[in-house]
Amino acid sequence: MFVKFSVLLLAGALVASPATYGAIVQKRAFPFVDPSIGGGSMLIDTLNGAGEPLNVIISGLSSPAVLNEDGIVNYARAIGFSEECLGIHLGNPFPANLGDGHGPVNQTIELRQDYGNSEVGTCLESLIGGNHFRVYFQNGPSADTGAAFLAVSKEKPVTDNHDIVDDGYNIGRNDLVSAALGTTSFDGVTYVTTAQNITGLMAAGAEGVNHGIAVDGIVTLLTVNIQ
Ligand SMILES: *[C@@H]1O[C@H](CO)[C@@H](O)[C@H](O)[C@H]1NC(C)=O
Ligand SMILES: *[C@@H]1O[C@H](CO)[C@@H](O)[C@H](O)[C@H]1NC(C)=O
């Protein structure tokens, strides 16, 4: 509330000096919109009749600089992920429908745990398994919240064809959130992240979930502020 109020004040003040207006990127008005309202789903489509859960949302009320491809990659590096191994894409793109009027859209990017080295660590992840996530932005005309929806899961090694470990959706989410909470930084950008669990967006259980691995139905909403 305080943040929104001060943004409004700032916007009001800037009306007096329009020359500087373009330099300010305002925060959005909503954390996210439930995709089901617009005919979407909290499961991405794994193109085999099932789906994987969008179990983390980065709120649209986060700093705007986090909520685009470059911003999310830098944030991901701050919390122990990086772009896929040497640009070699090891999995198929999977679409998600966030109910924002864009219909099904492939992931913007896929990031993998980097094991402490953002250059070669993701290659290690591909070999030995680990946490990974796909990113989708809710930015269509009917729900332009800017929120980033993440499908997070913990995988087995590449020799097992990137299957998910037992309870890998809940574990992947909890590991990512643990790494993200509090103060983190990468490349001179410092982030402060808070979390809130949401129930009721996604059903608990294994129905329609890829690999038949049950989810607990919890979606964690992260709010990320750049210091
Ligand atoms: C996703 O990407 C694949 C491979 O490039 C493409 O064939 C497919 O049409 C794309 N799906 C969507 C929904 O854009
Ligand atoms: C969210 O739920 C998970 C799983 O029950 C739990 O481990 C985590 O501490 C919860 N986080 C918050 C912020 O409540």
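Taking 0.36 nm per residue of separation and subtracting the current Cα-Cα distance, fully stretching the chain between D163 and Q196 would add 9.1 nm.
Our coupling estimate for region 101-106, obtained by passing each phi through the Karplus curve with A = 6.51, B = -1.76, C = 1.60 and θ = phi - 60°, is x, 8, x, x, 9, 4 Hz, Gly and Pro reported as x.
Taking N as the residue count of region 32-226, its C-alpha radius of gyration divided by 2.2 N^0.38 Å amounts to 0.94.
Computed from the coordinates by the stated procedures, all read-outs in this text should not be read as laboratory data. Bear in mind the structure is a predicted one, so any value in this text is a computation, not a measurement.
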